[in-house]
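Asker: Attaching a single structure in structure tokens format; questions to follow.
The values are calculated or read from the model by the stated rules, or taken from the named source; none is laboratory data. All figures in this text were calculated on a predicted structure; none of them were measured in a lab. Note that we place each Cβ from the backbone using ideal geometry, even for glycine, and neighbour counts take in every protein chain shown. For accessibility, only protein heavy atoms count, side chains too; no ligands or nucleic acids. Shrake-Rupley method; radii C 1.70, N 1.55, O 1.52, S 1.80 Å.
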Amino acid sequence: MENQIDLITVGESIIELSSDKDFKDATCFDKFYGGDAIVTAITASRFGVKTGYITCVGDDPFKEFLLNEWKKENINTDFVRTVPEQNAIALISRHDGKPKELALYRKKTAAQKLSLDDTKEYYIKSAKYFYTTGITQSLSLSAREAVKKSYEIAKANHVITAYDPNYKKTVTTPEAVLKMLFQMSISYF
């Protein structure tokens, strides 16, 4: 099969609301988007790589913003599924001379709904490269199963894979990360 996509990433998207003041003083936040897999996809796309993204987006007031921004970045969103959940939100305070403040709201969010239904073999095997992270695996059991199946499809079809453990203590435990990383390294690389 001829490759139609250079790189496919799978992962969580996050709404980032950012201020240049401390949270206690902030009256206005600028809106961005984030998430390790989408940032990787967009970076690659900006270098001319034909890129696709697999995720679940919440059917909330931020849905159209996310989808429109990704399309502006030339990301293939054919395999982004809308679910009746909210999108994850990160509040960030960044300014000169002070540590960054961060508040994450990730409970019961859209990306936790990633599942085996999102792993379409014909799409994944059309890629040259497949990428995800430990954050994606940490979202839920169904997301972990989707990552595992995606890597199985990629490996069976000679798609080159990349994996970033990207451990965050606010998302999972060190023991869980070691277990996932060990399983990934034995099974898929």
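Asker: Which lysines, on any chain, are close to residue 100 with Cα under 26 Å apart, when same-chain ones fewer than 8 places away are left out?
Answerer: Partners found: 21, 24, 31, 108, 168, 169.
Asker: Give me a comma-separated list of calculated 3J(HN,Hα) values for the range 122-134, in order, Karplus coefficients 6.51, -1.76, 1.60 applied at θ = phi - 60°, integers in Hz, x for any Gly or Pro.
Answerer: 4, 6, 4, 6, 7, 8, 8, 9, 10, 9, 7, 9, x
Asker: Using the Cα atoms as the points, what is the convex hull volume per residue of the range 1-52 in Å³?
Answerer: Value for the range 1-52: 78 Å³ per residue.
Asker: Which FRET efficiency value, to the nearest 0.05, do you get for residue 121 and residue 175 by plugging their Cβ-Cβ distance into 1/(1 + (r/R0)^6) with R0 = 41 Å?
Answerer: According to the calculation, E is roughly 0.80.
Asker: Can you return the aspartates and glutamates within cross-link range of residue 148? Criterion is Cα-Cα under 19 Å, with same-chain partners fewer than 8 residues away left out.
Answerer: Within reach: 12, 36, 117, 118, 121, 164, 175.
Asker: Here's a follow-up. Quick query: amide H of residue 59 versus all other amide H atoms, modeled in the peptide plane; which residues come in under 5 Å with a sequence gap of 5 or more or a different chain?
Answerer: For residue 59, the qualifying residues are 83, 85.
Asker: Assign one of three labels to the range 27-92, namely rounded, prolate or oblate, based on the Cα gyration tensor with a ≥ b ≥ c the square roots of its eigenvalues; rounded applies when a/c is under 1.5, prolate when it is not and a/b is larger than b/c, and oblate otherwise.
Answerer: oblate
Asker: To continue, here is another question. Roll a 1.4 Å probe over the protein chains and send me the accessible area per residue for the range 1-115 in Å².
Answerer: Normalised by residue count, the accessible surface of the range 1-115 is 54 Å².
Asker: For a quick check: with amide H placed at 1.01 Å from N, whose amide H comes under 5 Å from residue 79's, ignoring anything fewer than 5 positions away on the same chain?
Answerer: Under 5 Å from the amide H of residue 79: 53.
Asker: Also, quick follow-up: Just to confirm my numbers, what's the Cα centroid distance between the range 66-102 and the range 22-64 in Å?
Answerer: So the separation of the two Cα centres works out to 3 Å.
Asker: Can you list the HN-Hα couplings for the range 29-40, worked out from phi with the Karplus curve (6.51, -1.76, 1.60; θ = phi - 60°), rounded to whole Hz and with x for Gly and Pro?
Answerer: Values per residue, Gly and Pro as x: 10, 8, 9, 9, 10, x, x, 4, 6, 6, 5, 4 Hz.
Asker: (i) 28; (ii) 45; (iii) 37: which one is percent of Cα pairs over 27 Å apart as calculated from this entry?
Answerer: (i)
Asker: I would also like to ask the following. If each residue of separation counts as 0.36 nm, what is the full-extension length gain between residue 101 and residue 72 once their alpha-carbon separation is subtracted?
Answerer: 7.5 nm
Asker: Residue by residue, what Karplus-based ³J(HN,Hα) values in Hz, rounded to whole numbers, does the range 102-110 have, using 6.51, -1.76 and 1.60 with θ = phi - 60° and x for Gly and Pro?
Answerer: Here the 3J(HN,Hα) series is 9, 10, 9, 10, 10, 7, 6, 10, 4 Hz.
Asker: May I pose another question? Output the relative contact order of the chain, whole-number percent, from Cα pairs under 8 angstrom with separation of 6+ residues.
Answerer: 22 percent.
Asker: Under the classification rounded if a/c is under 1.5, otherwise prolate if a/b is larger than b/c and oblate if not, where does the range 52-148 fall, given a ≥ b ≥ c as square roots of the Cα gyration tensor eigenvalues? Each step should come with its number before you reach the end.
Answerer: On the way: a/c = 1.69, a/b = 1.57, b/c = 1.08.
In terms of gyration-tensor shape, prolate.
Asker: Determine the alpha carbon to alpha carbon distance for each of 63/125; 71/125; 72/155; 63/155 and list only those over 26 Å.
Answerer: Listed pairs above 26 Å: 63/125; 72/155; 63/155.
Asker: With a 1.4 Å probe and every protein chain kept in, tell me what percent of the accessible surface of the chain is carbon plus sulfur.
Answerer: That fraction is 53 percent.
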